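Shown next, in structure tokens, is the structure this report addresses.
The values are calculated or read from the model by the stated rules, or taken from the named source; none is laboratory data. What you are looking at is a predicted structure, and each value in this text was computed from that prediction instead of being measured. Cβ sites come from the backbone with ideal geometry, for glycine too, and all protein chains shown count toward neighbours.
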Amino acid sequence: PFTYFIADLHLSAERSDISQCLFQFLDSDALQADALYVLGDLFEAWIGDDDQTPFNQQVASAFKRVADAGVSIFFIHGNRDFLIRERFAKQAGFTLLPEQVVIDLYGTPTLITHGDELCTQDVAYQKFRKKARGWWWPRLVLRLPLSTRRKIAENGRATSKENQKQLTTDIMDVTPQEVIDTMSRFNVTRLIHGHTHRPAIHDLTVNGQPAQRIVLGDWYDQGSILTVTKDNVSLTEHPFFQLTK
Ligand SMILES: O=C(CCCCNC(=O)Nc1ccc(S(=O)(=O)N2CCN(c3cc(Cl)cc(C(F)(F)F)c3)CC2)cc1)NO
Ligand SMILES: [Mn+2]
């Protein structure tokens with residue numbers, strides 16, 4: 001028995017190499033898992049479940065086939081696809097989870113999250129996040145016509161400083177003290193998250209206990225999959241199918 005974790009695929013219709021790698025995984029290995037957790041930023045952008053594009057539907061049905069095969073699929077929102085709601089979740093066979101949740105992974109209580117909330121030094125971003133994840137901003141934005149939301153997203157992509165930021169500097173990393181405070185608040189010795197695009201398995205000490213922080217990799221250049229069993233965790237890279245040698 002084993003459980004898979006993926007995150008930060010940043011799927012878009014323009015990157016068929018990423019989605020093909022995902023579909024290959026969903027049509028094979030994923031079918032044997034107890035469960036599959038998608039820890040956010042599955043999509044590069046998400047402006048509402050009413051944006052029923054062929055690509056979004058193709059992604060939903062690829063996951064739905066896995067759910068229909070008896071694999072439980074759980075989704076935690078990322079800083080890009082935080083507007084995903086029940087309608088898309090149902091189409092994809094996802095169970096939506098809160099932004100931080102402790103799961104029992106073969107006897108080890110494990111905190112799972114996207115991870116953007118752990119980047120507390122990025123004050124400007126945390127300020128936006130507070131609104132965007134709040135009660136009424138999302139409701140307000142989702143009531144706008146889809147065409148308007150498309151323009152907001154286009155403007156965001158085109159002019160936003162974060163594009164330059166992402167061109168020049170990486171997304172900020174998690175704040176070490178925030179990680180320790182959060183893990184001790186949830187009383188766990190294992191944390192799994194994505195967002196920072198810095199895949200690694202870190203050993204640390206929480207409340208005097210040996211602990212682990214596992215960071216999932218993004219899928220910009222190759223797939224990144226975490227496999228967890230009762231006795232082992234392994235973070236593996238999955239090259240895209242090379243069409244031309
Ligand atoms: O994480 C960091 C920082 C670095 C990475 C953070 N950057 C990052 O996430 N960018 C980003 C994310 C989503 C999209 S989008 O296209 O999918 N889409 C845009 C419009 N969205 C919206 C929602 C709401 Cl409620 C309110 C508004 C409003 F009112 F502001 F217009 C807009 C919904 C989402 C576009 C860019 N450091 O650690
Ligand atoms: Mn992210």
Filter the range 169-228 down to the residues that are of a type in the set (S, T, N, Q) and in a strand (DSSP E or B), then identify the one that is nearest to ligand 1 (Cβ to nearest atom). S224
Output for Cβ contacts, cut-off 9 Å, separation at least six or different chains, first residue crowded, with 21+ Cβ neighbours inside 10 Å in the range 20-48, second modelled with pLDDT under 95 and small (G, A, S), reads W46/A153; I47/A153
So which strands (runs of 3 or more DSSP E) are wholly in the range 1-91 and hold at least 2 residues that are within 16 Å of ligand 2 (Cβ to nearest atom)? 3-6, 35-38
Close pairs from the range 124-140: first free of Cβ contacts under 8 Å to residues at least 12 places away in the same chain, partner in a helix (DSSP H, G or I) and among the aromatic types (F, W, Y), Cβ under 7 Å, at least 6 apart: K131/W137
Considering G107, G115, which residue is at positive phi and within 14 Å of ligand 2 (Cβ to nearest atom)? G115
